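Derivation of every value follows stated rules applied to the coordinates shown; laboratory data play no part. Predicted, not measured: the structure shown is a model, and the values here were computed from it. For neighbour counting, all protein chains shown are included, and Cβ atoms are generated from backbone atoms with ideal geometry for every residue, glycine included.
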Amino acid sequence: MNNIVLIGFMAVGKTTVGKSLSYLMHYQFVDTDMYIKKKEGKKIATIFKEDGEPYFRELERNVSKGLLKNPRKVISTGGGLFMDDISRGLYLKEDFVVFLKLPMDTIYKRLMKNNKRPLAQSVTKEELTKRYQQRLPIYKNAHLEVDTTGKTAFEIAKEIKKAYYDWLTKGEQNGKRRNTKKSN
């Protein structure tokens, strides 16, 4: 069995869906941001401020490599982790990658309620939209794309579980490029 990796922009619900999915699948749940926070003994915002974004991205890359060693995990990634060519290549080769998406208006509203994310602080909606649009083509490399609008975390988890088992039964989990299956 492989890991299931949840990607997408900040505030789309990767952690919430990931916890539901790990419960449903009986897989270990790992949130890469929480993993880094615990390992470094610092908040993500502090790492960005004190050590810079390149250092944080290197931490993410190292976490990605380490998580591949033990399968049967649901991995919730930080919004920018999949932008790294190395991490993206590792996950697409070994694991089932799911892009969770929401409209930017919904993302923005969620960020304004809880603005603890370093890359969302002191930026306008237009700047966030630009960053999202830049990342979107990369996110679309995922094996599955799920529009989470109006769905509960458990509904999304059930949808991902079904698609994951379909992916496995097709025998395509050994590094072959899979067709992106879209869900709306």
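Model label sites at Gln28 and Asp51, defined 7 Å from Cα along the beta-carbon direction, differ in position by 2.1 nm. The simple spin-label model puts a point 7 Å past each Cα toward its Cβ; for Leu168 and Lys19 those points are separated by 2.4 nm.
Run the reach check for Lys69 against lysines, Cα to Cα strictly under 20 Å, same-chain hits fewer than 8 apart removed. What comes back? List returned: Lys38, Lys39, Lys93, Lys176.
Write out the chymotrypsin sites (Phe, Trp or Tyr not before Pro) in region 1-73 meeting two conditions: DSSP loop, and at most 16 other Cβ atoms within 10 Å of their Cβ.
On the way: sites: Phe9, Tyr23, Tyr27, Phe29, Tyr35, Phe48, Tyr55, Phe56; in loops: Phe9, Tyr27.
Answer in residue order: no site qualifies.
Near the amide H of Val5, within less than 5 Å, lie the amide hydrogens of Ile75, Phe96, Val97, Val98, all on another chain or at least 5 residues away, with H placed in the peptide plane.
The string of couplings for region 18-31 from the Karplus curve (6.51, -1.76, 1.60, θ = phi - 60°) is x, 5, 5, 5, 5, 5, 5, 8, 6, 10, 6, 9, 10, 9 Hz, one whole number per residue in order, with x for Gly and Pro. Applying both filters, DSSP loop and at most 12 other Cβ atoms within 10 Å, to the GluC sites (Glu not before Pro) of region 69-159 eliminates every site.
When the listed pairs Lys19/Lys73; Lys14/Lys151; Lys19/Lys109 are checked against a 18 Å cut-off, the alpha-carbon distance exceeds it for Lys19/Lys109.
Could you put Met83, Met25 in order, starting from the residue whose Cβ has the fewest other Cβ atoms within 10 Å? Mind dumping the intermediate values first?
Numbers: Met83 16, Met25 19.
With the sparsest Cβ surroundings first, the list reads Met83, Met25.
The convex hull around the C-alpha trace of the chain, projected and averaged over every direction, spans 9.8 square nanometres.
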